[in-house]
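Each reported figure results from applying straightforward, stated rules to the coordinates on display, with no laboratory input. As the structure is a prediction and not an experimental result, all values here were calculated from the model. Here the Cβ is made from the backbone with ideal geometry for all residues, glycine too, and neighbour counts use every protein chain on show.
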Amino acid sequence: MFKFLLKGILRDHHRSLFPIVIVVLGVSLTVLAHCWINGILGDMIDFNAKYSTGHVKIVTNGYEDNMDQMPVELALGNVDELLAKVRKDYPKMEWVERIRFGGLIDAPDNKGETRAQGPALGLAVDLLSPDTKEVERLNINKSIVRGKSPEKNGEILISDELADKLKVIPGQIVTLMTSTMYGSMAMQNYIVSGTIKFGVTAMDKGAMILDITDAKYVMDMQDEVSEILGYFSNGIYNNVSATTVQNRFNAAYKDSTGEFAPVMLKLRDQNELASMLDYISRMISIFISVFVLAMSIVLWNAGLLGGLRRYGEMGLRLAIGEFKGRVYRSLIYESVIVGFIGSAIGTIIGLGAAFYLQEVGLDFSDLMQNATVLWPGVFRAKITLPAYYIGFIPGLISTVIGTMLSGIGIYKRQTAQLFKELET
Amino acid sequence: MDNSNIIQIENMWKQFPMGGGKFTALENINLTFGKGEFAGLVGPSGSGKTTLLNIIGSLDVPTKGSTIILDKSISDLTHKEAAQLRNHHLGFIFQTYNLLPVYTVFENVEYPLLLLDYTSDERHKAVLDALEWVGLSDKEKSRPAQLSGGESQRVAIARAMVKRPEIVLADEPTANLDAENSHHILQMMEKLNKELETTFIFATHDEKVIKYIRRKISLLDGKIEKDEHLEMGDRRPETGDGRPETGGRA
């Protein structure tokens, strides 16, 4: 019977073509939307994790309350001891020191007078240790536009956009003006070793990267840093694991309540990411639900039209002695076949489009000028394993629901009318 | 019930609601059909012949009275049991053939067997036999659109006969056919009736059909006006009106 149904579907284009086209459209859009949103969300989480939040982050209570202001005066103390402890307690995670601070970059002329100035977001990371993974984690070497990565203390990278604004080229000296952790003004000259494009609009506007030892020196930090970031060794954020680590750490320090007491935050707790991720997750669910509903209605309509066209066939089959339930089931089997074919084609098309957007992306950096969250400037899709099967859910469900709704007419049909209908 | 009768109808009425009252389509019908009969329900439009055919075909149930088909009371059958009765024991032939256009001749004839527990080999043999009966062995791969009206009706006959039902019900089977094809079809059904002892019941007002049937049940306004068994001489005049000679049957 299956073979018989399949022959009918393949030969009768009216029966299969329109539903397959609808399913292909719906599934390809679902797959593309999934990859697209997944890519943007993934990049956003990735950028935030790498540049700002880590998978977990240790700061002081006081720093947490004012994190937007990056208050170095509320930095963590006894960092060597704290680092040694977390590395021992959580050996499967990578722990790194970070200092984020605000400052002013001053570009001097030939006489040493200020030629141009601009505010900059400072990010101090371990650039120079032989075994550092920060250069790779932040993808620094591939992000350098001009010049090279710092090779010794006293060298910094600044964002290419800021370099253009200040008319600074690699090799030139700039002066960083900031404050020490004790509130004193600090000034230090650095050689710009290169310019960098982070791919994150918020940072591309004006940021600098320097080695953490340089930052500690200028800000008068000895055994202090503003943040300790922890990363899962596979590089992928896992909220359950992060929560476990966070709860365990915070439980150990539950009696420390001062503003310099350490506290651990997980990625979702920072930069309003939790509400944003939940919002987007719900939007995806709503999007897919609406999609299934809309496709079901269209396919229901298509099923009704097809049912009218096949009224004679249905009548004949009932007259011959096929049970109503069997006719109904055969329609559902047909819809499964149609849904499967449409879903397969739709998935291929959706993946093709997603692959293009994964490789090329769309540049939305102009729209991200005032973004507070670290959004990627270029939105890219990301093909993940679920993309290969996620389209089958709406593809099959909507086809089957559409057919089930349109096929109800079979049960309402009076068998006694068959002869009359068949003769018309 | 007389065991030689495969259809027994006693005091059967069929009424349909109409407005605030009831329309009586069949009134106090008493009929029996034996195995191998070749009978026609004859009468003008509205006389009740299709309604009677529907009830015999278990597509409808009587309002009152008894209708027993192959020892089964139509009134007592569930939808599923009625479908089983049609599936196993009844064949239908329609005025407009009702072939499935996307399937080949072979597949159209095979279709009723897919609903039964036939193996692939059994289906193949049964379909080829049925196509041979109707002289369409060379058309098994054709689609209905490639067939003439006569050929299409022969496929419909093969489809009705392929499961070798005890009863075949034909509603105006020649209405869309010209005289030559009508005679050809009727000769074929007569041959199958004799060779397989299948009971054929026609609903018709076509004179061509009436000339072939051996029993003529005349209906008028839902009542049996006359039930007559015809002799050979009553059925086929010596001089033809375009129909082939008896010896020229397929």
**OP:** Count the net charge of all other residues whose Cβ sits under 12 Å from the Cβ of A:Phe2, scoring Lys and Arg as +1 and Asp and Glu as -1.
**Re:** +2
Original post:
With a ≥ b ≥ c the root eigenvalues of the C-alpha gyration tensor of chain B, is it rounded (a/c under 1.5), prolate (a/b larger than b/c) or oblate?
Top reply: oblate
Original post:
How much of the DSSP beta bridge set in chain B is antiparallel, as a percent to the nearest 5?
Top reply: 55 percent
Subject >> Net charge of Cβ neighbours under 14 Å - reference B:Asp121; Lys, Arg +1; Asp, Glu -1 >> reply: -2
Original post:
Going by average Cβ neighbours within 10 Å, how do the peptides A:339-348, B:4-13 rank, with the highest at the top?
Top reply: A:339-348, B:4-13
Original post:
Mean residue ellipticity at 222 nm from the helices of chain B, using -39,500 (n - 2.57) per DSSP H segment of n ≥ 4 over the full residue count, to the nearest 500 deg cm²/dmol?
Top reply: -9500 deg cm²/dmol
Subject >> Kirkwood estimate for the protein assembly as shown, i.e. one over the average of 1/r between Cα atoms, Å >> reply: 32.1 Å
**OP:** Send over the per residue convex hull volume for segment B:86-174, Cα only, as a whole number of Å³.
**Re:** 85 Å³
Original post:
Gaussian network model of chain B, Cα springs within a sub-10 Å range: biggest mean-square fluctuation belongs to which of B:Thr78, B:Thr32, B:Thr198?
Top reply: B:Thr78
Original post:
How many percent of DSSP beta bridges within the protein assembly as shown run antiparallel, rounded to 5?
Top reply: 70 percent
**OP:** Using a cut-off of 12 Å between beta-carbons, work out the net charge of the residues near A:Pro119 (Lys and Arg +1, Asp and Glu -1, A:Pro119 not included).
**Re:** +1
Original post:
Per the Kirkwood formula on distinct C-alpha pairs, the Rh of segment B:105-148 is how many angstrom?
Top reply: 10.7 Å
Subject >> Dimensionless Rg ratio for segment A:146-301, taking C-alpha atoms and the 2.2 N^0.38 Å reference >> reply: 1.52
Original post:
Over chain B, what is the relative contact order in whole percent, taking alpha-carbon pairs under 8 Å and six or more residues apart?
Top reply: 26 percent
Subject >> Two-site FRET efficiency, A:Met276 against A:Tyr182, from Cβ-Cβ distance with R₀ of 35 Å, rounded to 0.05 >> reply: 0.45
Original post:
Going toward the positive end of the dipole of segment A:56-234, with +1 on Lys and Arg Cβ and -1 on Asp and Glu Cβ, which of A:Val145, A:Pro119, A:Met185 do you reach last?
Top reply: A:Val145
Subject >> Principal axes of segment B:1-60: Cα extent on each, largest first, Å >> reply: 42, 24, 19
Original post:
Can you give the three extents of the C-alpha atoms in segment B:34-96 along their principal axes, from longest to shortest, in whole Å?
Top reply: 32, 26, 26
Subject >> Contact order normalised by residue count of chain A, Cα under 8 Å, 6+ apart, percent >> reply: 28 percent
**OP:** Using the number of other C-beta atoms within 10 angstrom as an exposure proxy, rank A:Asp43, B:Asp129 with the fewest first.
**Re:** B:Asp129, A:Asp43
**OP:** Report the FRET efficiency, 1/(1 + (r/R0)^6), for B:Glu122 and A:Tyr356, where r is their Cβ-Cβ distance and R0 is 45 Å, rounded to 0.05.
**Re:** 0.25
Subject >> Over chain A: helical MRE at 222 nm, DSSP H runs n ≥ 4 each giving -39500 (n - 2.57), nearest 500 >> reply: -16000 deg cm²/dmol
**OP:** About the Cα centre of segment A:56-234, how large is the charge dipole given +1 on each Lys and Arg Cβ and -1 on each Asp and Glu Cβ? Please answer in debye to the nearest 20.
**Re:** 580 debye
Subject >> Among B:Phe200, A:Ile158, A:Val86 - extreme Cα towards positive end, dipole of the protein assembly as shown, charges at beta-carbon >> reply: B:Phe200
Subject >> Rg [Å, one decimal], Dmax [Å, integer] - segment A:29-152, C-alpha atoms >> reply: 18.5, 61
Original post:
Any idea how far apart B:Glu207 and A:Leu405 come out in nm if each label point goes 7 Å out from Cα toward Cβ?
Top reply: 5.5 nm
**OP:** Would you work out which of B:Leu53, A:Leu74, A:Leu277 lies farthest towards the positive end of the dipole of the protein assembly as shown, given +1 charges on the beta-carbon of Lys and Arg and -1 on that of Asp and Glu, about the Cα centre?
**Re:** B:Leu53
**OP:** Only Lys, Arg, Asp and Glu count, each charged at its Cβ (+1, +1, -1, -1), so figure out the dipole size of chain A about its Cα centre, rounded to 20 debye.
**Re:** 2900 debye
**OP:** Take every Cα-Cα distance within segment A:56-234, group them into 5 Å bins from 0 onward, and report for each bin the whole-number percent of pairs it holds.
**Re:** 1, 8, 17, 21, 20, 16, 10, 4, 1, 1, 0
Subject >> Net dipole in debye of segment B:1-67 [+1 Lys, Arg Cβ; -1 Asp, Glu Cβ; about Cα centre; nearest 20] >> reply: 160 debye
